[in-house]
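The values are calculated or read from the model by the stated rules, or taken from the named source; none is laboratory data. On a predicted model such as this, the values are computed, not experimentally measured, just so you know. Note that we place each Cβ from the backbone using ideal geometry, even for glycine, and neighbour counts take in every protein chain shown.
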Amino acid sequence: MTPGLSESPTTSQKRERELVGINQGLAAVSGDFMIAALLIYSLGVLAFAGDLACGR
Amino acid sequence: MTSRAAAKAAVESRVAELATVGAGVASSSGSSAEPPAAAPAGPGSPAASALPARRQSFSQAIGEAGTWVRAAVALSVAGVTAHLAAVVTRGFAVHRAPWGNMYEFVTALTCVAAIFFVYVLIRYRAWALGIWVMGAVVVALGLAETVIYTAAGPLVPALQSYWLSIHVTAMTLSSGIFFVAAVLGILYLVAERYRARVAAGKVAEGGNGLLSRIPSAEQLDKLTYRTVIFGFPVWTFGVIAGAIWADEAWGRYWGWDPVETWAFITWVLYAAYLHARATAGWRGRRAHYIQLLGFASLVFNILVIQVFITGMHSYAGVG
């Protein structure tokens, strides 16, 4: 086994090391907020449509 | 003498006509900015329920607008809050500006568009525009979530620079503003066509419930102009900041990379719109076609050039 080769990180190891810096919990919260925003916007659009259909 | 008098009258008329261009912008720079002029309620004008006058306070206006509008505005504000929270938490999760790939760029862009529109909604009581602009935001955000979703990850090495926070932030802000302007521009074309049809007697005024509810073409024209003139300097700054970043990263300010080229084309088209808006004979419909071409080139740059064309800006992270 060549010592130099065994010490150099592979691409997947590098990727894993980079991902350690990502806060996955916060990223999941961000995703939930985004879905919530999409749902609330959709309800808002429905309300605007309701105004067009039934409003003054 | 008669011909000289006629020529003088023509020049005075032309000067008066040009003097009105951008008047809204001049007034909007002050603290007591006037809203778009009240729509003429004459025949052929779809102004029956156009933007309400801003004489009354917001609480009065929203009180009179009815339950549906109150619910819609409250939901829009709540949606913007959740959207902003999503972008900010994504930024904290990845420890950088959260617009490092296509998904993040589009979600941030739509967030800017929604914030900007909620401001317009509250400032101009533009309830009738809500379904169109917020509808477009929902479609764009829905596509981002389903088609180009990218999990939180590290930034590609080429983007690891403080210039990301300067250049891409400016491009995100201006793109979001241009997004709203594009929807307003399309509505202008619809309102203009409706007005022409009403004037020609092909449609009874108020005959089309949906079209008769949108603001008048004049109001939409002025609102679109104000929106573009707000976004244009930001886009210009973004292009210049990108050139400075390119010099730092690649050793040249401008290399006619496909993305650079299309950003420049977009800049030229929006500059042409602003020029056309001030040129008699090119106002109205023609000017709005140019504005929409500008937005089409922006979208083409984001969705086609950055995804399918390999260049120095291939960071979309899609596919």
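Looking only at residues of the stretch B:278-301 that are on the phi < 0 side of the Ramachandran plot and modelled with pLDDT under 90, we find that the one that is surrounded by the fewest Cβ atoms within 10 Å (Cβ to Cβ) is B:ALA280. Looking across the stretch B:85-97, the residues that are in contact with a helix residue (DSSP H, G or I) (Cβ under 6 Å, 6 or more places away or on another chain) and either buried (at least 24 other Cβ atoms within 10 Å of the Cβ) or part of a helix (DSSP H, G or I) (or both) come down to B:ALA85, B:ALA86, B:VAL87, B:THR89, B:ARG90, B:PHE92, B:ALA93.
Filtered by the rule that a residue be surrounded by fewer than 21 Cβ atoms within 10 Å (Cβ to Cβ), outside any loop (DSSP other than H, G, I, E, B) and within 14 Å of chain A (Cβ to nearest Cβ), the stretch B:191-212 gives B:GLY209, B:LEU210, B:LEU211.
Scanning the stretch B:247-262 for residues that are under 14 Å from B:HIS167 (Cα atoms), without any contact (Cβ under 8 Å) to a residue 40 or more places away in the chain and part of a helix (DSSP H, G or I) yields one hit, B:ASP247.
Any residue at all in the stretch B:93-104 that is under 21 Å from B:ALA181 (Cβ atoms), of a type in the set (A, V, I, L, M) and touching a Ser or Thr at 6+ places or on another chain (Cβ under 9 Å)? Write out each step before concluding.
Keep residues of the stretch B:93-104 that are under 21 Å from B:ALA181 (Cβ atoms), which gives B:99.
With the extra rule that they be of a type in the set (A, V, I, L, M), the set shrinks to none.
Taking every residue of the stretch B:93-104 in turn, none turns out to be under 21 Å from B:ALA181 (Cβ atoms), of a type in the set (A, V, I, L, M) and touching a Ser or Thr at 6+ places or on another chain (Cβ under 9 Å).
Checked against the criterion of being within 7 Å of another protein chain (Cβ to nearest Cβ), part of a helix (DSSP H, G or I) and out of contact with any Leu (no Cβ under 6 Å at 6 or more places or on another chain), the stretch B:103-112 has at least one qualifying residue. Within the stretch B:150-171, track down each residue that is under 24 Å from the mean Cα position of the chain (by Cα) and at pLDDT 90 or above. Hits for the stretch B:150-171 are B:SER165, B:ILE166, B:HIS167, B:VAL168, B:THR169, B:ALA170, B:MET171.
Taking the stretch B:63-81 as the range and being within 16 Å of B:CYS111 (Cβ to Cβ), surrounded by fewer than 21 Cβ atoms within 10 Å (Cβ to Cβ) and facing chain A (nearest Cβ under 7 Å) as the test, only B:ALA78 passes. Each residue in the stretch B:71-89 was checked for being within 15 Å of B:TYR119 (Cβ to Cβ) and without any contact (Cβ under 8 Å) to a residue 24 or more places away in the chain, and 1 pass. If you scan the stretch B:119-145, which residues turn out to be more than 10 Å from chain A (Cβ to nearest Cβ) and either in contact with a helix residue (DSSP H, G or I) (Cβ under 6 Å, 6 or more places away or on another chain) or surrounded by fewer than 18 Cβ atoms within 10 Å (Cβ to Cβ) (or both)? Within the stretch B:119-145, B:TYR119, B:ILE122, B:ARG123, B:ARG125, B:ALA126, B:ALA140, B:LEU143 qualify.
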